[in-house]
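The values are calculated or read from the model by the stated rules, or taken from the named source; none is laboratory data. The structure displayed is predicted, hence computed values, not measured ones. Virtual Cβ from ideal backbone geometry, glycine too; neighbours counted across all protein chains shown. These area figures cover heavy atoms from the full protein model, side chains too; ligands, DNA and RNA do not enter into them. Shrake-Rupley method; radii C 1.70, N 1.55, O 1.52, S 1.80 Å.
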Amino acid sequence: PSPGWISGTAYTSPDYSDFTDMANWNDYGVIELDEPVTGIEPMSIAPVGTLDAIPTSQLRKTLFRAVGYGTEVRKAEEGPQKPTPMSYPMVRRYVDMPGQKLTPQILQTNGNPNDTAGTGGTCFGDSGGPLLLDGQIVGVTSFGYTSNCRYIDGYQRVDIQIAQDWLSQYVDGL
């Protein structure tokens with residue numbers, strides 16, 4: 001592989017529905033690296049039921065952090081100065097968002113950058129990136145409702161039994 005890149009093999013859930021079964025998306029996967037990486041501490045996956053423990057009345061007051069390398073909305077360096085989705089340079093970024101809705105497989109967040117409770121939303125290219133709560137992975141970026149990287153974002157939960165049963169073949173300690 002090229003300097004700065006690490007090679008591996010990608011595996012996706014065999015139960016992935018390609019969004020045809022809106023109740024059971026199973027939109028998660030792993031990349032098994034060809035060689036171990038040293039010098040970093042992997043994040044842990046939250047235990048089953050972590051998100052279910054948040055009372056509905058507290059979901060909107062709970063901040064989740066999404067990490068990604070995808071597109072961001074910013075003003076162009078030249079030409080019209082209208083905020084526009086852009087992809088380069090690829091810089092790791094994060095955003096904090098309040099919870100909006102929880103289903104048995106999906107957590108939705110409010111990615112409105114004008115919401116005083118959060119700092120924005122995820123965008124194209126962030127798919128598969130981690131969603132964190134208290135330093136643990138509770139989900140992965142799955143979808144957004146708009147093309148301008150704002151509004152409602154959806155995250156496939158990994159704190160559910162079906163996800164952890166599948167992930168346990170790749171992740172020690174699940």
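Computed quantities for the displayed model
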quantity	calculated
Helix-derived mean residue ellipticity, 222 nm - over the chain, DSSP H n ≥ 4, -39500 (n - 2.57), to 500	-1500 deg cm²/dmol
The chain - percent of accessible surface contributed by carbon and sulfur, probe 1.4 Å	53 percent
Length-normalised contact order for the chain - Cα pairs under 8 Å, 6+ apart - percent	22 percent
Full-extension gain in nm, THR56 to TYR170, via 0.36 nm per residue minus C-alpha separation	37.8 nm
Reported label for calculated volume of the Cα convex hull per residue in Å³ given (1) 111; (2) 221; (3) 140	(3)
Residues of the stretch 111-174: accessible area per residue with a 1.4 Å probe, Å²	46 Å²
Highest average packing first - 45-56, 8-19, 120-131, 155-166, Cβ atoms within 10 Å	120-131, 155-166, 45-56, 8-19
Listed residue (GLN108, ILE162, SER142) projecting farthest to the positive dipole end of the chain, Cβ model	GLN108
Rounded to the nearest 20 debye, dipole of the chain from Cβ charges on Lys, Arg, Asp, Glu	840 debye
